[in-house]
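A short worksheet on the structure shown next.
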Amino acid sequence: MFNYDYVEASPLIVRQADSIDFWLIGAGGTGSWLSYHIARLARSLGKSGKKVQFAIADPDIVEEANISRQAFCDKEIGLPKAQALALRYSIAWGVDATAFVQEFDPKLIRYAYDKLTILVGCVDTAAGRAAINQVLELNQFYSRSEIPRVWYLDCGNHAAAGQILLGSSLETDPEFYNFGGLGCARLPSPMLQAPDLLKPKPEELTNNLSCAEMAVLNVQSESVNVRVAAEAADYLYRMAAGNLKRFATYFDLESGTARSVYITQQSVCAVVKAIASEPITPC
């Protein structure tokens, strides 16, 4: 059935800036596949005159178990994942890519008045998502009414299904998200859209498992990470082109179905009102 919300949807208004920072946080199952698209977009924007930097943060090393599911090869076994990817795109495309071989720390983000920062979260823990979500506080650094300088695109999956959520604000007042005549400039944080993502899974509380081990534990589909990466890449390309009209996408590989939540006043307000009486408690 056709979703008529798409017809009524408003385009997302993204701040125009000469300087753009892309942060890929998590370079495992989804992040490694998505890194190619971010690097390609960074190169394209750089060629158009933008100053673009691409940062990759991940503390893990490439292991043999990663090769079947992640975008690494045998020759990269033993290298830090972030370093392997940053080196790959720096050499191949001349992209200004920097590796941070560590867990993401919100303090790594350098706030600047004339810079647009896009955080792409591909982490599989509640603590990792909470750290990224914290950065959105910077959008209220000068004025809560300004167009956001920081966006958070969260990518997640389990078994054979996944979701992509985009947001910019921690605000829970529905009036804050009133649309203007040109479109929508603010969206609720991914963690406001899906508060359960801030609740640790049982394996997070009892084990210290790698991405590869967690994938085996959850019996993940071989293609689920590639699908999440493809959907997230389309979000980024459309943000750059100025024609993005959705802020959440859910898919299921078993049934072959997918659905999106479109940028309408009603949809955004529904998200905020649903959590207004249930504040988020980071792990």
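The values are calculated or read from the model by the stated rules, or taken from the named source; none is laboratory data. As the structure is a computational prediction, the values presented were derived from the model and not from experiment. Cβ: placed from backbone, ideal geometry, glycine included. Neighbour counts: every protein chain shown. Each accessible area value is taken on the protein alone, full model and side chains, heavy atoms only, with ligands, DNA and RNA left out. Shrake-Rupley method; radii C 1.70, N 1.55, O 1.52, S 1.80 Å.
Report, in deg cm²/dmol and to the nearest 500, the calculated mean residue ellipticity at 222 nm for the chain, where each DSSP H run with n ≥ 4 adds -39500 (n - 2.57) and the sum is divided by the residue count.
-9000 deg cm²/dmol
Residue-wise, which Karplus ³J(HN,Hα) couplings in Hz belong to segment 151-163, taking 6.51 cos²θ - 1.76 cosθ + 1.60, θ = phi - 60°, and x for glycine or proline?
Taking θ as phi minus 60°, the curve returns 10, 10, 9, 9, 10, x, 7, 8, 6, 10, 9, x, 8 Hz for segment 151-163.
Bin width 5 Å, origin at 0, all Cα-Cα pairs of segment 1-128: what percent of pairs per bin?
Result, from short to long distances: 2, 10, 19, 20, 17, 13, 9, 6, 4, 1, 0 percent.
Work out from phi, with θ = phi - 60° and the Karplus expression 6.51 cos²θ - 1.76 cosθ + 1.60, the ³J(HN,Hα) of each residue of segment 244-255, listed in order in whole Hz, and give x for Gly and Pro.
Once θ is set to phi - 60°, the couplings for segment 244-255 become 7, 10, 9, 10, 8, 9, 10, 9, 9, 6, 4, 8 Hz.
Can you work out the FRET efficiency for the pair E175 and S223, with r the C-beta to C-beta distance and R0 = 45 Å, to the nearest 0.05? List each step's numbers first, then the result.
Details: r = 42 Å, r/R0 = 0.93.
Here the calculated transfer efficiency is 0.60.
Quote the relative contact order of segment 233-279 in percent (integer), defining contacts as alpha-carbon pairs under 8 Å separated by 6+ residues.
On the way: 27 pairs, mean separation 11.5, N = 47.
Relative contact order of segment 233-279: 25 percent.
Using only C-alpha atoms and all pairs of different ones, pull out the Kirkwood radius for segment 1-76 in Å with one decimal.
15.2
With the Cα gyration tensor of the chain in hand, give its eigenvalues times 5 under a square root as the equivalent ellipsoid semi-axes, listed largest first in whole angstrom. Don't jump to the answer; show the numbers that get you there.
Values: eigenvalues 158, 102, 67 Å².
Values for the chain, descending: 28, 23, 18 Å.
Please work out the average accessible area per residue across segment 114-169, using the 1.4 Å probe convention, and give it in Å².
On the way: 1710 Å² over 56 residues.
Per-residue value: 30 Å².
Pop out the carbon and sulfur fraction of the accessible area of the chain as a percent, whole number, probe 1.4 Å. Kindly include the intermediate steps, with their values, before the conclusion.
Values: 7020 of 13510 Å².
Within the chain, the accessible surface is 52 percent carbon and sulfur.
Going by amide H atoms built from the backbone, whose H comes under 5 Å of the H on F100, apart from near neighbours?
Distant-sequence amide H within range of F100: I56, A57, D58.
Determine the alpha carbon to alpha carbon distance for each of K81/K245; K50/K273; K51/K107; K245/K273; K51/K81; K199/K273 and list only those over 27 Å.
The answer is K81/K245; K50/K273.
Starting with the highest mean, order 235-241, 178-184 by the number of other Cβ atoms within 10 Å, averaged over the residues of each peptide. Don't skip to the answer; put the middle values down first.
On the way: 235-241: 17.3, 178-184: 12.6.
Ranking, from highest mean packing down: 235-241, 178-184.
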